[in-house]
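The structure appears right after this line, and notes come after that.
What follows is calculated from the coordinates using simple rules that are stated; it is not laboratory data. Owing to the predicted nature of the structure, the values given are computational and were not obtained by experimental measurement. Every residue, glycine among them, receives a Cβ derived from its backbone with ideal geometry; neighbour counts consider all protein chains shown.
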Amino acid sequence: MGNLRTSLKMKDKVLYLPTVSLKHLLAVSVALNVALVLKLLHDGDEMVGWFAAEETATGASASSHPEITSAVASSSLQQEYINLDHGDPTMYESYWKQMGDKTTVVFSGWQSISYFSDGGNLCWFMEPDFANAVKRLHNVVGNAATENYHIVVGTGSTQLYQAVLYALCPPDTPEPISVVSAAPFYSHYPMATDCVKSGLHKWEGDASTFNKNSKPYVELVTSPNNPDGSTRQAVVNGSGLLVHDLAYYWPQYTPITYRAENDIMLFTVSKCTGHAGTRIGWALVKDEKVAKRMTKFMEIVSIGVSKESQLRAAKIMNVISDGYKDNEKYNNNKLPFFKYGYEELGRRWGKLRAAVNNGNVFSLPNFPLGKCNFSGHEFETQPAFAWMKCEGEINDCEGFLKKH
């Protein structure tokens, strides 16, 4: 039986399936179009074509556009198609449109000219407003400690991940440090680890099968996990270094059951607020030496991080925090952000489970209930991605979907 990962963060539009190399684990990127699932369940092996038979805005069916073979770039096509190649958090777009000018940031031509933001800070290119917004939001939600932590800003969590590896792996090591994560793991980890063929670190795959033999290693703990949504802890029983990727540890995705206090924690605006295009992430780091080396990495590869992006992210995070300071300012059509995300993901998961349960072609994982300290709700994790399994004699989800 094969597995398929699909995102529930994109708009409910027509589906497009690109050719990918994975066979049993297929990373796809759309709030799974429930009409497509139902059609698969209804038509079985007789269904043909790669597109859901949904009419586009122009009145033409999706199957009339076989020439589309890569990520959709134009805004007009984005309204008609969804690329299944990667996640894209456009589900939050309608919420932010409702907020109007509350998140608008205006920059004058003379602003943000200098390389420096805060010369007295370890991370000298981090805007003070951004650091304060990060601390404030974590304190509001209660998902991570910020006291006695250094904040390092990066161009998304991917750059921060590479900065962490640079910081943790000694330059004089006789052989590359092993980097592992329990399978199934985020598909970008292997590529990001080995992309420059560094002599400092090397991807070693599944942490559960890693033979440490007293070798130094770095274990990535992603919780909730991408792609399967499970809650994770370290699995290698050794003295290695741990990096916690908590990108999805926010109350729209999972109950906040504890305040994380790990040595290194990674977060990103794209998963928290939905602003993937802003390209901003941050790390909470206990060890000052590690934070300094991470900052040095940023200095080497990009001489800092966009100030405009930091200030935009700060404004957005502060608007979210404001929503929990004074709920009276929001009317019924403008819910506080995390409540909106929680309800919207719950709606999408409900539709998806109903569609899957209507047949015997696919199955979905079940998640344990948890009481959220932030919202007070008791609910199952409702991940941004659905880890679907093809049942019966279907061994290859990718091939099955291409066939249909």
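Miscellaneous remarks
- Distance (nanometres) between label positions extended 7 Å along Cα→Cβ at D263 and A145: 1.5
- Derived scalar couplings between HN and Hα for the stretch 357-373 equal 5, 6, x, 10, 7, 10, 9, 10, x, 9, 10, x, 6, x, 8, 7, 5 Hz in order, rounded to whole Hz, by the Karplus curve 6.51 cos²θ - 1.76 cosθ + 1.60 (θ = phi - 60°), x for Gly and Pro.
- Cross-link pairs K212/K286; K97/K135; K271/K292; K215/K402 - those with Cα-Cα distance over 31 Å: K215/K402
- Length gained when the stretch K286-K402 is fully extended (0.36 nm per residue, less Cα-Cα span): 37.1 nm
- When W282, W349, W96 are arranged by Cβ crowding within 10 Å, least crowded first, meaning fewest neighbours, the order is W96, W349, W282.
- J(HN,Hα) series, the stretch 284-300, from Karplus relation 6.51 cos²θ - 1.76 cosθ + 1.60, nearest Hz, glycine and proline x: 9, 10, 6, 7, 5, 5, 5, 4, 5, 5, 4, 4, 4, 4, 4, 4, 5
- Take 97-107, 176-186, 365-375, 121-131 and order them by the average number of nearby Cβ atoms within 10 Å per residue, most first; the result is 176-186, 121-131, 365-375, 97-107.
- Amide H contacts of D245 (H built 1.01 Å from N, under 5 Å, at least 5 apart or other chain): V221, T222, S223, L266
- One decimal place: the segment R353-V235 gains 39.5 nm when fully extended, by the rule 0.36 nm per residue minus the C-alpha distance.
- Measuring spread by the Cα atoms of the stretch 128-322 yields a radius of gyration and Dmax of 16.1, 51 Å.
- Amide H contacts under 5 Å for A386, placed H, 5+ residues apart: T6, S7, L8
- Pair K325, N211: separation of 7 Å Cα→Cβ label points (nm): 5.7
- Pairwise FRET efficiency - Q98 versus I300, Cβ, R0 = 41 Å, nearest 0.05: 0.50
- Backbone phi angles across the stretch 214-222, fed through the Karplus curve with coefficients 6.51, -1.76 and 1.60 (θ = phi - 60°), yield HN-Hα couplings of 6, 6, x, 7, 10, 10, 8, 10, 9 Hz in residue order; Gly and Pro are listed as x.
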